[in-house]
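The structure appears below as structure tokens.
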Amino acid sequence: MNRHEVIIIGGGVTGCSIAYHLAARGMKDVAVLERAYLTSGATGRCGAGFRHQWGTKTNCLLAKHAIARLERLAEELDYPGGVEIKQGGYLILAYTPKMEEQFKKNLALQRSLGIDARWVTPREAREIVPFLNTEGLLGATFCAKDGHANPFKVTDAYARAARRLGVKIHTYTEVQDIKIEGSLKTVITSRGTFQAPVVVNAAGGHAAEIGRMVGVDLPVVPERHQILVTEPVEQVLGPMVMSFYHNLYCQQTPHGSFIMGLGDPNEPKEYNVRSSWQFLSQMAQKVVWLLPVLKNVRVVRQWAGVYDMSPDRQPVLGEVPEVPGFYVAAGFSGHGFMIAPMTGQLMAEIILGLPTTLPVDMFSLSRFTTGELFVEPSVV
Amino acid sequence: MEDKTIVCRCEDVTLEEIRQAIAGGARTLDEIKRLKRCGMGPCQGRTCRPLIAGELSRITGQDQASLTLPTFRPPVIPLKLGTLARGGAKNEQA
Ligand SMILES: Cc1cc2nc3c(=O)[nH]c(=O)nc-3n(C[C@H](O)[C@H](O)[C@H](O)COP(=O)(O)OP(=O)(O)OC[C@H]3O[C@@H](n4cnc5c(N)ncnc54)[C@H](O)[C@@H]3O)c2cc1C
Ligand code: FES
């Protein structure tokens with residue numbers, strides 16, 4: 001029997017960040033349980049983009065704090081070689097008057113919070129991305145401090161720093177059931193039994209399954225998202241180009257390869273990480289139209305991962321009122337990578353009963369019963 | 001083999017880097033691939049996978065045949081986005 005103070009279920013960027021932040025605050029008797037290898041879930045399959053350009057104060061501040069941490073993550077966690085941060089900006093394209101109006105509202109909010117984002121005309125957009133097809137484009141918003149990082153390295157950096165502080169990480173250890181007696185939780189896994197008074201559910205697309213093990217109904221469902229990567233070529237694309245209209249994003253990594261993905265509004269809500277031929281051809285059509293120079297670049301690999309979707313596309317962070325000592329950090333709905341530094345910090349603060357750095361009430365599970373949903377206008 | 005020997009030609013990964021990853025705790029081909037990129041190049045690991053598997057089994061004593069292989073992901077050969085956009089590829093030169 002392995003007895004700990006805290007057990008974290010899930011070895012993605014969220015679980016590893018929570019473990020590190022707990023240990024850094026003195027709570028070192030922590031075990032992370034991961035069914036496969038670290039980053040085997042959404043984290044290792046994601047676009048790993050980060051942006052300040054959000055439409056609510058909460059998300060702008062969350063992103064701003066988290067990105068400031070990502071920028072200095074290698075020093076904070078003593079991770080030689082760095083986490084491959086590229087800050088080429090996000091260029092978010094507007095094609096309808098409604099989008100333009102919403103984006104301009106978002107900009108006013110962002111600027112009031114000290115975020116340096118601006119409106120650019122189609123001509124200015126071409127100065128930022130010279131080969132952009134501007135047909136039908138009304139304009140775009142641009143924030144030069146947005147960008148992306150390497151999700152494997154960010155997670156590895158948190159995991160290593162956590163281990164140095166005494167956290168135990170058990171990979172290839174699948175949680176199969178949880179029993180509760182008094183305040184003690186017994187977690188039964190494919191590799192033995194673990195016990196702790198505090199259990200944190202950071203299982204991403206599997207969070208609802210873990211919730212069911214303690215009789216809690218979590219409104220978090222998996223939704224497949226597909227993505228592909230090309231061969232590396234010389235650096236030609238500075239920013240992440242994002243179009244809510246086409247439901248696509250495309251970026252060039254420091255390594256030279258392009259990573260791009262599409263959202264499919266008709267995707268069924270189920271656990272599915274297979275990739276499809278249809279995605280490959282639709283993605284190619286849309287991206288070659290938008291960025292014609294890409295037509296001669298070769299795709300080397302395609303894959304899929306799941307978004308852990310919540311009803312209002314915002315995470316659930318905090319304790320489950322009916323099960324004291326059982327905490328949730330899931331429902332990230334496609335943007336959990338970029339906020340992971342703050343998710344870890346806020347969850348550690350909540351668990352340790354410390355004042356939280358940013359307000360967290362709007363992320364409580366109870367919002368789905370009271371109906372006070374959190375509405376963010378700016379999501380893919 | 002020499003430490004500086006390149007085992008993954010597509011991504012320029014040396015034997016030394018593979019040994020570092022294993023010394024850092026990696027025990028599976030999936031973990032090494034994600035930290036070092038070996039297996040992510042245009043050949044998708046056809047060249048380097050057996051070499052890395054051999055090194056992993058030599059250092060950790062795991063039976064080479066029992067190592068789990070990373071998922072083989074499509075497409076089977078690199079295809080141009082322009083070709084894919086035209087819906088072609090099946091009979092066209094990639
Ligand atoms: C295609 C795609 C593109 C994306 N692009 C972006 C982006 O550009 N920017 C951004 O911020 N976010 C992006 N995301 C979202 C981001 O990947 C996630 O929000 C983030 O990685 C969530 O991390 P996590 O640790 O909470 O979940 P995960 O990484 O899914 O980790 C959960 C872990 O729990 C483990 N687990 C599950 N069940 C069990 C069990 N029973 N026992 C033990 N372990 C278990 C899983 O194996 C997994 O490793 C994208 C996602 C996808 C799929
Ligand atoms: S040699 Fe390693 S991916 Fe091609």
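The values are calculated or read from the model by the stated rules, or taken from the named source; none is laboratory data. The structure displayed is predicted, hence computed values, not measured ones. Cβ: placed from backbone, ideal geometry, glycine included. Neighbour counts: every protein chain shown. Heads up: the accessible areas ignore ligands, DNA and RNA and are worked out on the full protein's heavy atoms, side chains in. Shrake-Rupley method; radii C 1.70, N 1.55, O 1.52, S 1.80 Å.
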Worksheet item: Which ranges mark the helices (runs of 4 or more DSSP H) fully within the stretch A:1-116 that have 2 or more residues being away from ligand 2 (no atom under 16 Å from the Cβ), in contact (Cβ under 8 Å) with a residue 60 or more places away in the chain and within 14 Å of chain B (Cβ to nearest Cβ)?
Response: A:13-24
Worksheet item: Of (1) more than 11 Å from chain A (Cβ to nearest Cβ); (2) among the hydrophobic types (A, V, I, L, M, F, W, C); (3) open to solvent by 40 Å² or more (accessible area, probe 1.4 Å); (4) in a loop (DSSP other than H, G, I, E, B), residue B:76 satisfies all except one. Which?
Response: (1)
Response to the item:
Apart from one, (1) modelled with pLDDT of 95 or more; (2) open to solvent by 20 Å² or more (accessible area, probe 1.4 Å); (3) under 30 Å from residue A:104 (Cα atoms) all hold for residue A:356; the odd one out is (3)
Response to the item:
Out of (1) assigned by TED's automatic domain parsing to the domain that holds residue A:212; (2) open to solvent by less than 40 Å² (accessible area, probe 1.4 Å); (3) at pLDDT below 95, the one residue A:362 does not meet is (2)
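Yes/no matrix, rows are residues, columns are (1) open to solvent by less than 10 Å² (accessible area, probe 1.4 Å); (2) within 11 Å of ligand 1 (Cβ to nearest atom):
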| site | (1), (2) |
| --- | --- |
| A:302 | yes, yes |
| A:306 | no, yes |
| A:330 | yes, yes |
| A:350 | no, no |
Practice prompt. Count, please, the residues in the stretch B:70-86 that happen to be more than 19 Å from residue A:288 (Cα to Cα) and either free of Cβ contacts under 8 Å to residues at least 12 places away in the same chain or touching a Gly at 6+ places or on another chain (Cβ under 9 Å) (or both).
Written response: 5
Worksheet item: Where residues in the stretch B:1-24 are hydrophobic (A, V, I, L, M, F, W, C) and within 12 Å of ligand 2 (Cβ to nearest atom), which of them is surrounded by the fewest Cβ atoms within 10 Å (Cβ to Cβ)?
Response: B:6
Worksheet item: When you go through A:217, A:177 one by one, which is the residue that is assigned to a strand (DSSP E or B) and of a type in the set (D, E, K, R)?
Response: A:177
Worksheet item: Any idea which residue in the stretch A:45-81 is nearest to ligand 1 (Cβ to nearest atom), counting only those that are out of contact with any His (no Cβ under 6 Å at 6 or more places or on another chain), at pLDDT 95 or above and among the small types (Gly, Ala, Ser)?
Response: A:66
Worksheet item: What strands (runs of 3 or more DSSP E) completely inside the stretch A:258-364 contain at least 1 residues that are touching a strand residue (DSSP E or B) at 6+ places or on another chain (Cβ under 8 Å) and within 14 Å of chain B (Cβ to nearest Cβ)?
Response: A:258-262, A:298-309
Worksheet item: Restricting to the stretch A:310-325, what's the tally of residues that are touching an Asp or Glu at 6+ places or on another chain (Cβ under 7 Å) and either open to solvent by 20 Å² or more (accessible area, probe 1.4 Å) or hydrophobic (A, V, I, L, M, F, W, C) (or both)?
Response: 1
Worksheet item: Do we have residue B:32 as closer than 21 Å to residue A:151 by Cα, open to solvent by less than 10 Å² (accessible area, probe 1.4 Å) and either within 14 Å of ligand 2 (Cβ to nearest atom) or assigned to a loop (DSSP other than H, G, I, E, B) (or both) here?
Response: yes
Practice prompt. Could you tell me whether any residue of the stretch A:220-234 is closer than 29 Å to residue A:130 by Cα and either without any contact (Cβ under 8 Å) to a residue 60 or more places away in the chain or not assigned by TED's automatic domain parsing to the domain that holds residue A:128 (or both)?
Written response: yes
Worksheet item: How many residues does the stretch A:190-232 hold that are within 10 Å of ligand 1 (Cβ to nearest atom), within 17 Å of residue A:6 (Cα to Cα) and surrounded by fewer than 20 Cβ atoms within 10 Å (Cβ to Cβ)?
Response: 0
Practice prompt. Confirm whether residue B:60 is touching a Leu at 6+ places or on another chain (Cβ under 6 Å) and more than 10 Å from chain A (Cβ to nearest Cβ).
Written response: no
Discussion item. Any residue at all in the stretch A:135-152 that's open to solvent by less than 10 Å² (accessible area, probe 1.4 Å), at pLDDT 95 or above and out of contact with any strand residue (DSSP E or B) (no Cβ under 8 Å at 6 or more places or on another chain)?
Written reply: no
Worksheet item: How many of the residues in the stretch A:80-112 are in contact with a Lys or Arg (Cβ under 7 Å, 6 or more places away or on another chain) and open to solvent by 30 Å² or more (accessible area, probe 1.4 Å)?
Response: 3
Worksheet item: Out of curiosity, is residue A:29 open to solvent by 10 Å² or more (accessible area, probe 1.4 Å) and either closer than 26 Å to residue A:256 by Cα or within 15 Å of ligand 1 (Cβ to nearest atom) (or both)?
Response: no
Item to complete: Count, please, the residues in the stretch A:117-132 that happen to be assigned to a loop (DSSP other than H, G, I, E, B) and open to solvent by less than 30 Å² (accessible area, probe 1.4 Å).
Response: 2
